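Written out below as structure tokens is the structure these notes cover.
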Amino acid sequence: MSSELILALEQLQKEKGIDKEILIEAIEAALISAYKKNFGTAQNVKVTIDRETGDVRVYALKRVTDQPEDDFLDISLDEAKKVSKKYELEDTAEIEVTPKKFGRIAAQTAKQVVVQKIREAERGIIYDEFINKEGDIVTGIIQRSERKNVIIDLGKTEATLPPSEQTMGEEYRFNDRLKTYITEVKKTTKGPQILVSRTHPWLVKRLFELEVPEIHEGIVEIKSIAREPGSRTKIAVFSKDDNVDPVGACVGQKGTRVQSVVDELRGEKIDIIKWSSSPEEFISSSLSPAKVIRVDINEEEKSAKVTVPDFQLSLAIGKEGQNARLAAKLTGWKIDIKSESQLRATIEQQLLNYDESYDDVNELENVTEDEENDQEQE
């Protein structure tokens, strides 16, 4: 090896950000193994690389003693003094044993170490980049499927979309561009493992941030999201500026903004609801597109009884209860929905029960009066 190695390491330090000293120390450690492997020695050895010239030297490390027992491990004081007068008993002497043909082995080893360190550094750079994107959206190109996992090319690396994070009914075709939400970035021996999702509720949030400048700027805030991936999502939005309509901002002119999100989610329906600090108003809005007549809330149980017109009952509940279920998730309240006729029937039944109870009380009072009269006559 020569000064060319040192120049190459300095260039790598500038381009890849890998410390030259770390590379040299790694090469020295690798050369120790290479020496022992190629020259079959049991000696304790030390390898040094000159930081200026790149010259490699191999030294056997031997204990200085009066009675050497093993020529590979021990050296007499007289022999040690021939190397350097500084050595005393029990010192560790460094005796140069550099083989004549060690330069070729050293060059090959250095190349392997440098390639490995470059790979590790690149993996580290990729990890640092994507760990900062955890909880954000990335766009990639679908490459292949492996054991039901979808592998997505992100340019510098690949991401894995596991089956549990895939939207039911969604097709993932080769070379299709896809936006996904990064759920986790892990360090592994093979480089960073990036796990992404198409089902996470925050995927919808991030998509709206991309499409709606008012959300990105912080004027409009997404307060809560309830999602059943591939089917329907409800989002509650709030505006910090009274002059900005949060629902209108998210919908966009002629629905262009919300349509872009719907298209990215392959047709998933999205209900945009105005958030309110009033539970009655918020719950009423959450059941959109159904119209609500009244909302009665129980603060202690955090439950609400909602009344809707008869012809709106099925719409309020939704197919297989989806609309009511999403409204409950969105608001955090238990919601019991009844139609006007059901409410009327309930009230009538309560009144009937009250009347029957009232008759029972009167009858009991009459019996008590009769008993008191009988006692007086006796």
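Just to be sure, is residue 107 assigned to a helix (DSSP H, G or I), at pLDDT below 85 and touching a strand residue (DSSP E or B) at 6+ places or on another chain (Cβ under 6 Å)?
So residue 107 does not fit the description; no.
Sort out for me the strands (runs of 3 or more DSSP E) sitting completely within region 54-98 that have 3 or more residues that are at pLDDT 85 or above and out of contact with any helix residue (DSSP H, G or I) (no Cβ under 9 Å at 6 or more places or on another chain). Please lay out each step first, then the result.
Values: elements: 56-65, 74-76, 92-96.
Hits in region 54-98: 56-65.
Could you figure out which of (1) in the same structural domain as residue 222 (by TED's automatic domain parsing); (2) at pLDDT below 90 isn't true of residue 346?
Status for residue 346: all satisfied but (1).
Which condition number in (1) surrounded by fewer than 19 Cβ atoms within 10 Å (Cβ to Cβ); (2) in the same structural domain as residue 346 (by TED's automatic domain parsing); (3) modelled with pLDDT under 95 is the one that residue 308 fails?
Among (1) surrounded by fewer than 19 Cβ atoms within 10 Å (Cβ to Cβ); (2) in the same structural domain as residue 346 (by TED's automatic domain parsing); (3) modelled with pLDDT under 95, the lone unmet condition for residue 308 is (1).
Test each condition in (1) at positive phi; (2) buried (at least 21 other Cβ atoms within 10 Å of the Cβ) for residue 255 and report the one that comes out false.
The single condition residue 255 does not satisfy is (2).
What about residue 179, is it at pLDDT below 95 and of a type outside the set (Phe, Trp, Tyr)?
Details: at pLDDT below 95: no; of a type outside the set (Phe, Trp, Tyr): yes.
Answer is no for this residue.
Please enumerate the residues belonging to region 153-176 that are over 17 Å from residue 204 (Cα atoms) and either assigned to a strand (DSSP E or B) or in the same structural domain as residue 123 (by TED's automatic domain parsing) (or both).
Result: 153, 158, 159, 160.
Could you list, in sequence order, the residues of region 279-305 that are touching a helix residue (DSSP H, G or I) at 6+ places or on another chain (Cβ under 9 Å), under 23 Å from residue 246 (Cα atoms) and surrounded by fewer than 19 Cβ atoms within 10 Å (Cβ to Cβ)?
Across region 279-305, the qualifying residues are 279, 288, 289, 291.
If only one of 110, 93 is in contact with a Ser or Thr (Cβ under 8 Å, 6 or more places away or on another chain), small (Gly, Ala, Ser) and either loosely packed, with under 15 Cβ neighbours inside 10 Å or in the same structural domain as residue 29 (by TED's automatic domain parsing) (or both), which one is it?
Matching residue, one of 110, 93: 93.
Output yes when any residue across region 26-44 is among the hydrophobic types (A, V, I, L, M, F, W, C) and in a loop (DSSP other than H, G, I, E, B), and no when none is.
yes
For region 62-80, give me each residue that is without any contact (Cβ under 8 Å) to a residue 24 or more places away in the chain and touching an Asp or Glu at 6+ places or on another chain (Cβ under 9 Å).
67, 68, 76, 77, 80
Just a yes or no: is a residue in region 190-204 of a type in the set (A, V, I, L, M) and within 30 Å of residue 288 (Cα to Cα)?
For region 190-204, residues of a type in the set (A, V, I, L, M) and within 30 Å of residue 288 (Cα to Cα): present.
Yes or no, residue by residue, for (1) polar (S, T, N, Q); (2) more than 18 Å from the chain's Cα centre (by Cα); (3) on the phi > 0 side of the Ramachandran plot:
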position: 100; (1), (2), (3): no, yes, no
position: 130; (1), (2), (3): no, no, no
position: 147; (1), (2), (3): no, yes, yes
position: 156; (1), (2), (3): no, yes, no
position: 181; (1), (2), (3): no, no, no
position: 186; (1), (2), (3): no, no, no
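Consider residue 130 against the criteria (1) within 30 Å of residue 59 (Cβ to Cβ); (2) touching a residue at least 40 places away in the same chain (Cβ under 8 Å): it satisfies all of them except one. Which criterion is unmet?
(1)
Every residue in region 235-279 that is among the acidic types (Asp, Glu), without any contact (Cβ under 8 Å) to a residue 24 or more places away in the chain and closer than 30 Å to residue 307 by Cβ, please. Talk me through it step by step, then tell me what you get.
Here is the first cut: in region 235-279, the ones among the acidic types (Asp, Glu) are 241-242, 245, 263-264, 268, 271.
Right, trim to without any contact (Cβ under 8 Å) to a residue 24 or more places away in the chain and you get 241-242, 245, 263.
Selection gives 245 alone.
Select from region 184-231 the residues that are β-branched (Val, Ile, Thr) and either under 23 Å from residue 332 (Cβ atoms) or surrounded by 19 or more Cβ atoms within 10 Å (Cβ to Cβ) (or both) and list them in ascending order.
Once the filter is applied, which keeps residues that are β-branched (Val, Ile, Thr) and either under 23 Å from residue 332 (Cβ atoms) or surrounded by 19 or more Cβ atoms within 10 Å (Cβ to Cβ) (or both), region 184-231 yields 185, 194, 196, 199, 204, 212, 215, 220, 222, 225.
Considering only region 29-51, state which residues are buried (at least 19 other Cβ atoms within 10 Å of the Cβ) and either within 19 Å of residue 125 (Cβ to Cβ) or free of Cβ contacts under 8 Å to residues at least 24 places away in the same chain (or both).
Scanning region 29-51 gives a single hit, 47.
The values are calculated or read from the model by the stated rules, or taken from the named source; none is laboratory data. Note that the structure is a prediction, hence the values are computed from the model and not measured. So basically every Cβ, Gly included, is an ideal-geometry build from the backbone, and we count neighbours across all protein chains shown.
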